[in-house]
Amino acid sequence: MGEHLVYTERVGGSSPSSPTIFKRPDDEFRQAFFHEKKHFITLLLFHFIQPVLILIRCFKRAKQDLLEGKLDKSNEEIFADEMWQWIHKRLLVLINGIPKTLPEERKPPFVLSKDFAALYEAVARKIVIPNMSDRMRAVYHRMDDQEPEERANFLRAFLDTDNGRTHLWESWKSSWDDTMAQKAIPPKPKPKPKGLKAMFKSDDTPKFGPGAMSEEQWRKKATQIKAKNKASAQNFAHLLKPSNDYIAPTADDNILLRNFFGINANALNKQITAIRQIVNQGNNVGRTFDTYQNAKDVDLALLANCYKLTDPLIEGDKILKHLMLAHSKSDYPLTGRFLSEFFKDRGAE
């Protein structure tokens, strides 16, 4: 079939013998469509197809998050995350600035090691923090009243109050002592005097009332405490493992490790900064340090600086010796323990 033509007169009175040839209207539309097809497809993608694809991807991601529990964390999981952030903030004040590599003879103490911090987190999340759940029930109930996405914010706001911090510290301390510390067995009750002895015997051991225990009750209580102490010793042993990367803690560090939680991060950071400034000023550092530390406990801040500023504190000029001229190891138990060569012998006893 031949192409259909339409004859029209030229504008301006031209002769009909010189026609202008046009395609039919449907051919014009077809040609315009194909010329503009790229633009049309682009518009289609951005205004229709792309939003649909985005919705599909969002749906798939949401479905996956639900399967993984990311959109529906329990109160306990949210609490565990916030607890660790609280502790980690304090550890970072100590760890940040420690060189990644130190000489073998200068391995950092556990309190300054990121590797120990990772171990501490694992133990806290697995053992100590879950034990806090019963003490946090009232807080969990209040979290349930919040929108799902607001529960974490509510918990942070609560922990930022004096009452929240006090409650949290008491809960942490009790849970640590329950799961990581040794508990003393109460003294065995004395047998009740008989005959005339009972009339004249003065004994402070309670025989009646809430504090009184029969020998059978004492045996049962002692057995329970021994079993709990054995479990606590096994739990705490995880933190005592030797390491090639840091000086591991000992059994005597139980209270120190528990009290990581109670460190005032801002105050500690200010102490570290102040000692650094004293060391860097270079003149009369010993006298300036003594004036600054007057009656303050700066042992942990000093120890941290010794590994952040190895030169000049414990290498090079060894300024730590000048700082400790008037002090003994007992004045700075942590620094004296790990850097004893910078102290006078009079602090050894």
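Of the listed residues 171, 214, the order by accessible area with a 1.4 Å probe, largest first, is 214, 171.
Note on residue 212 and residue 317: the extension gain reaches 31.5 nm, defined as 0.36 nm multiplied by sequence separation minus the Cα-Cα distance.
Residue 184 to residue 137: FRET efficiency via 1/(1 + (r/R0)^6), r the Cβ-Cβ distance, R0 35 Å, to the nearest 0.05?
Efficiency for this residue pair is about 0.80.
The length gained by stretching the chain between residue 223 and residue 86 to full extension, at 0.36 nm per residue less their Cα-Cα distance, is 45.7 nm.
If you place +1 on the Cβ of every Lys and Arg, -1 on the Cβ of every Asp and Glu, and leave all else neutral, what size is the dipole of segment 268-314 about its Cα centre, to the nearest 20 Debye? Don't skip to the end; give the middle numbers.
On the way: 5 positive and 4 negative charges, 29 e Å.
Using only the charged Cβ atoms, the result is roughly 140 debye.
Phi angles across segment 300-316 convert, under the Karplus curve 6.51 cos²θ - 1.76 cosθ + 1.60 with θ = phi - 60°, into 3J(HN,Hα) values of 5, 5, 5, 4, 4, 5, 4, 9, 7, 10, 3, 10, x, 6, 10, 10, x Hz, Gly and Pro given as x. The phi-based Karplus calculation (6.51 cos²θ - 1.76 cosθ + 1.60; θ = phi - 60°) puts the 3J(HN,Hα) values of segment 287-292 at 5, 5, 5, 4, 5, 5 Hz, whole numbers, x for Gly and Pro.
In whole percent, and with a 1.4 Å probe on the protein chains, what portion of the accessible area of segment 240-331 is carbon and sulfur? The partial results should precede the final answer.
Values: 2080 of 4660 Å².
Carbon and sulfur atoms account for 45 percent of the accessible area of segment 240-331.
Database remark: amide H of residue 247 closer than 5 angstrom to the amide H of 110 (H placed geometrically; neighbours at sequence offset of 5 or more, or on other chains; Pro and chain starts carry no H). Restricting segment 242-349 to trypsin sites (Lys or Arg not before Pro) that sit in a DSSP loop and have at most 15 other Cβ atoms within 10 Å of their own Cβ leaves 296, 318, 344. The string of couplings for segment 91-102 from the Karplus curve (6.51, -1.76, 1.60, θ = phi - 60°) is 5, 5, 4, 7, 7, 4, x, 6, x, 5, 10, 10 Hz, one whole number per residue in order, with x for Gly and Pro. Applying 1/(1 + (r/R0)^6) with r as the Cβ-Cβ distance of residue 173 and residue 283 and R0 = 56 angstrom yields a FRET efficiency of 0.80.
Label point of residue 106 set 7 angstrom out along Cα-Cβ; within segment 287-307, amide nitrogens under 15 Å from it belong to 303-307.
The values are calculated or read from the model by the stated rules, or taken from the named source; none is laboratory data. Because the structure is predicted, anything quoted here is derived from the model rather than measured. Glycine also receives a Cβ, built like all others from the backbone with ideal geometry; neighbour counts cover every protein chain displayed. Surface areas here come from the heavy atoms of the whole protein model, side chains and all, with no ligands, DNA or RNA. Shrake-Rupley method; radii C 1.70, N 1.55, O 1.52, S 1.80 Å.
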